[in-house]
There are 2 protein chains.
Amino acid sequence: MGGPARAIPHTTSRAAVLDVIRAAGTISRVGLVEATGFTGATISTVVRKLIDDGLVRETGRAESTGGKPRVLLQLNQESRYAVGVHIDPVGITYALTDLTGAVVSRLTRAGVGPEDPAEITVRMSRQVDALVAGAGIDRGRVLGVGIVTPTGGLHRQPALRHWADFPVADELGDAVGLPVVPGNDATAAALGEYWSGVVNGSSIFAAVYMGTGVGAGVLVNGIPYHGASGNAGEIGHVCLDVDGPPCWCGGRGCTEAIAGPAAVVAAARADEALARGADLAREGGRTWPSVAAEFTAVVRAARRGEPTARALLERSARHLAVAVRTLANVMDLDLLVLTGSSLAVAGSVYLPAIRRELDRAFFARATHPVEVRLSTSASTAPAIGAATMVLQSQLVPLRPGSRLPGNLSESEAVQG
Amino acid sequence: MGGPARAIPHTTSRAAVLDVIRAAGTISRVGLVEATGFTGATISTVVRKLIDDGLVRETGRAESTGGKPRVLLQLNQESRYAVGVHIDPVGITYALTDLTGAVVSRLTRAGVGPEDPAEITVRMSRQVDALVAGAGIDRGRVLGVGIVTPTGGLHRQPALRHWADFPVADELGDAVGLPVVPGNDATAAALGEYWSGVVNGSSIFAAVYMGTGVGAGVLVNGIPYHGASGNAGEIGHVCLDVDGPPCWCGGRGCTEAIAGPAAVVAAARADEALARGADLAREGGRTWPSVAAEFTAVVRAARRGEPTARALLERSARHLAVAVRTLANVMDLDLLVLTGSSLAVAGSVYLPAIRRELDRAFFARATHPVEVRLSTSASTAPAIGAATMVLQSQLVPLRPGSRLPGNLSESEAVQG
């Protein structure tokens, strides 16, 4: 006793009702009572306000058993829009979605590279404007822009050190004149998959994201599990070897240090024949392509039958599989999607390794399996998820003390 | 779109309001609106029903700024009770709590051993009856009995194989004539600490529990994070060495296999001088004391300055610390309590090792620390938590599709 009063996290009746209507497509008020556990009076009040705000509309009647037909509700799809931007060295992807998360329009442009971050931000702002204008949408209906970057920050890559202190979300917000919600690619990818309807029937769903780094985003019934500060899901920094190599995070033997794309590329580069055959850049050379591009070169070498490349990928897959087992055991997952550019190109190696490890050693396997799939929308899910972050945060005001999702470095995060 | 409608997990307005009143001690309806985010109309409806049910009462007025004084609400402490039972080889602990989780009465008896589980269950049922009768409480106000056992099940211990197929929760329910809610010791310990008010200001709180096995219970704003099947928090089965020793769970290099009490005891037994000095039972001998008792003997030897014992404990602490770092990184914790009989006796070795690891390598350490404490109520927290499981489950009916907390084997779990 005596502690401060605390509310249930991430929950208001409004948010719950909106999410249930979205997931159901159409649903009656009685259906909402059943699905949410709220009283009829609460549902009635909340729905009235949502209709007044133009977010929900009545849409005909369903036969009911015995009584009069029930009025069905659905989201007013075109009442609000949001833009998602996924920044990555591989490409910058933009998605414009309506209130249901359905993609109205999208485009992909060159990834970030050696240019000045301020220039890239101006270019991003123009792309956002063009996307909205091109779709013929009233700008007043665009709630904001979600922007997601790799877990740990873009500046973790040698070629992108100049992004270290650049407040990209702030700057983009100023340039585009809309609220900006920052986040990380893994959580956004999970949201993108969920809102695309791929994740039916899962209560604890994770997207394991391997682009440049290794991360994961976890959703509990569709709502991101953020942890205390938006840094949950860090499977790149679970320890697989207490005496392993040091990691930039301060630990030793982390998944990312042992098995991440940068580790695979470094090991490939150390093998002279493979480095030459796969045309990997020399360390300290004039150009230094992105880790993801170099990783793709190693994957291509493996496909050509290069045995060292194959062995390096299999070793990485075996380690990532064990890290995924840890994630599954700690969070008790029931569905997992493998995504991110590196898993998109090397899924045929990683998918079976992860399935095998979970079949063999997932703790609760006697109770339920963990289904593992390769994403079929790896390139767009993070941008769609970024847009849904805006829908969630703008439609449901954050409570005092709530923090924004994502794990950008402080300099990158917009507060407020 | 198109998926089935889903509700927010573990949340009804009634549960949220009850939990906020409990945590606040006393609070006004306006305070409830602020703390929960529900509308005034919802709060008014829910509070009226709680008062009608006798769970909440009005208790005077608070000065308000400018308006008329506000009526304060508090839980009607003596309106309901619950019993918690924590079964362990070290001892069986019983706690009778009121609606606020405050302990009315408690007792500890000998732990489970070689006797017939059915006999022990009859004895437990008599102890529950005696506890309630001794406190002079109307049995009609006792909502039920929470019963918690070690993660993975009692039968994981060599001496307790005869518990493997014994449906203890079912049998106790039949004997005592009250609803029984089963669970695991780690989650119950976390709940016990939380309801005792020790956990102020934490949003993501974990109890790391080392008794015979190694487990963890995680609460998100006071509500257990269960995962898909009540098996979340399995840090005993995160992998610390991909090529490590096989574990009973099917994996390799698990925390429990490398660093758990049974691993420490096995290594101590393998050292002839230490085994003799610490008076450890010989493998295959006639008696086979509990792992926790043998672990305590190793801790005593370390305290006497036995270097091998000390080294074994330090190695175990170093590994457990890395597993805790993994838990902290995956769940993004902000508070951690070390508990369970093994950590209670060896906290002076484990606490500094865990603090050191988190200071050095917790991923979000630039944003917030993870506070680590030794439990001051290791022996009673699981029983108190078991009682609060009953309060939560009986006062807030489970939704269709919800599962009971805990990770007992199926034979031990009461369904319904």
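Just a few scattered comments:
- Count of the range B:359-371 residues which are more than 7 Å from chain A (Cβ to nearest Cβ) and surrounded by fewer than 23 Cβ atoms within 10 Å (Cβ to Cβ): 5
- Taking the numbered list (1) within 14 Å of chain A (Cβ to nearest Cβ); (2) more than 23 Å from A:ILE354 (Cβ to Cβ); (3) surrounded by fewer than 24 Cβ atoms within 10 Å (Cβ to Cβ) in turn, B:GLU272 passes all entries but (1).
- Taken over the range A:228-259, the criterion of being within 7 Å of another protein chain (Cβ to nearest Cβ), within 21 Å of B:LEU320 (Cα to Cα) and either not aliphatic (A, V, I, L, M) or not in a loop (DSSP other than H, G, I, E, B) (or both) is satisfied by A:GLY233, A:GLU234, A:ILE235, A:HIS237, A:CYS239, A:ASP241, A:CYS249, A:GLY250, A:GLY251.
- In the range B:19-66, the residues that are out of contact with any Asp or Glu (no Cβ under 8 Å at 6 or more places or on another chain), among the hydrophobic types (A, V, I, L, M, F, W, C), more than 11 Å from every other protein chain (Cβ to nearest Cβ) and outside any strand (DSSP E or B): B:VAL30, B:VAL47, B:LEU50, B:LEU55
- Meets criteria (touching a residue at least 60 places away in the same chain (Cβ under 8 Å), assigned to a helix (DSSP H, G or I), out of contact with any helix residue (DSSP H, G or I) (no Cβ under 6 Å at 6 or more places or on another chain) and farther than 30 Å from A:MET331 by Cα) for B:ALA297: no
- Residues that are within 17 Å of A:VAL142 (Cβ to Cβ) and assigned to a loop (DSSP other than H, G, I, E, B), drawn from the range A:67-116: A:ASN76, A:ARG80, A:LEU99, A:THR100, A:GLY101, A:ALA102
- Positions within the range B:37-81 being aliphatic (A, V, I, L, M) and touching a Phe, Trp or Tyr at 6+ places or on another chain (Cβ under 9 Å), in sequence order: B:VAL46
- Flag for A:ALA188 being touching a helix residue (DSSP H, G or I) at 6+ places or on another chain (Cβ under 9 Å), under 30 Å from A:HIS368 (Cα atoms) and modelled with pLDDT of 90 or more: yes
Residue by residue, here is whether (1) part of a strand (DSSP E or B); (2) at pLDDT 90 or above; (3) closer than 23 Å to B:ALA317 by Cα holds:
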{"residue": "B:LEU178", "(1), (2), (3)": "no, yes, no"}
{"residue": "B:GLY192", "(1), (2), (3)": "no, yes, no"}
{"residue": "B:GLY197", "(1), (2), (3)": "no, no, no"}
{"residue": "B:PHE205", "(1), (2), (3)": "yes, yes, yes"}
{"residue": "B:VAL218", "(1), (2), (3)": "yes, yes, yes"}
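- Residues in the range B:133-160 that are modelled with pLDDT of 85 or more and under 22 Å from the mean Cα position of the chain (by Cα): 8 in all.
- Selection within the range A:131-146 - in a helix (DSSP H, G or I), over 21 Å from A:MET389 (Cα atoms) and without any contact (Cβ under 8 Å) to a residue 12 or more places away in the chain: A:ALA133
- Residue in the range B:316-330 that is more than 30 Å from B:GLN127 (Cβ to Cβ), touching a Cys at 6+ places or on another chain (Cβ under 7 Å) and β-branched (Val, Ile, Thr) present: yes
- Residue list for the range B:320-357, filter: within 18 Å of the chain's Cα centre (by Cα) and among the acidic types (Asp, Glu): B:ASP334
- B:THR212 surrounded by 24 or more Cβ atoms within 10 Å (Cβ to Cβ), assigned to a loop (DSSP other than H, G, I, E, B) and touching a strand residue (DSSP E or B) at 6+ places or on another chain (Cβ under 9 Å): no
- Residues of the range A:345-374 that are in contact with a Ser or Thr (Cβ under 7 Å, 6 or more places away or on another chain) and either under 19 Å from B:GLY227 (Cα atoms) or free of Cβ contacts under 8 Å to residues at least 40 places away in the same chain (or both): A:ALA364, A:THR367, A:HIS368.
- Filtering the range B:45-96 to residues that are polar (S, T, N, Q), over 26 Å from B:VAL180 (Cα atoms) and either at pLDDT 90 or above or out of contact with any helix residue (DSSP H, G or I) (no Cβ under 6 Å at 6 or more places or on another chain) (or both) leaves B:THR59, B:SER64, B:THR65, B:GLN74.
- Flag for B:ARG276 being modelled with pLDDT under 95, in a helix (DSSP H, G or I) and out of contact with any Cys (no Cβ under 9 Å at 6 or more places or on another chain): yes
- Residue match in the range A:243-250 (condition: closer than 17 Å to B:PHE362 by Cβ, in the same structural domain as A:ALA292 (by TED's automatic domain parsing) and either among the basic types (Lys, Arg) or at pLDDT below 90 (or both)): yes
- Which numbered condition B:ARG109 misses (of (1) closer than 27 Å to B:ALA381 by Cβ; (2) free of Cβ contacts under 8 Å to residues at least 40 places away in the same chain; (3) not assigned by TED's automatic domain parsing to the domain that holds B:LEU143): (3)
- Single match in B:VAL299, B:VAL291 (criterion: modelled with pLDDT of 95 or more and out of contact with any His (no Cβ under 8 Å at 6 or more places or on another chain)): B:VAL299
- Which listed residue, of B:GLY173, B:GLY183, is in the same structural domain as B:VAL128 (by TED's automatic domain parsing), of a type in the set (Gly, Ala, Ser), assigned to a strand (DSSP E or B) and more than 29 Å from B:ARG310 (Cβ to Cβ): B:GLY183
- In this entry, A:ALA321 passes the filter for residues that are buried (at least 24 other Cβ atoms within 10 Å of the Cβ), touching a helix residue (DSSP H, G or I) at 6+ places or on another chain (Cβ under 8 Å) and within 14 Å of chain B (Cβ to nearest Cβ).
- Single condition A:ALA278 does not satisfy, out of (1) buried (at least 23 other Cβ atoms within 10 Å of the Cβ); (2) under 27 Å from A:ALA207 (Cβ atoms): (2)
The values are calculated or read from the model by the stated rules, or taken from the named source; none is laboratory data. A quick note: this is a predicted structure, and the numbers were derived from the prediction, not measured. No Cβ is skipped: glycine too gets one built from the backbone with ideal geometry, and neighbour counts run over all protein chains shown.
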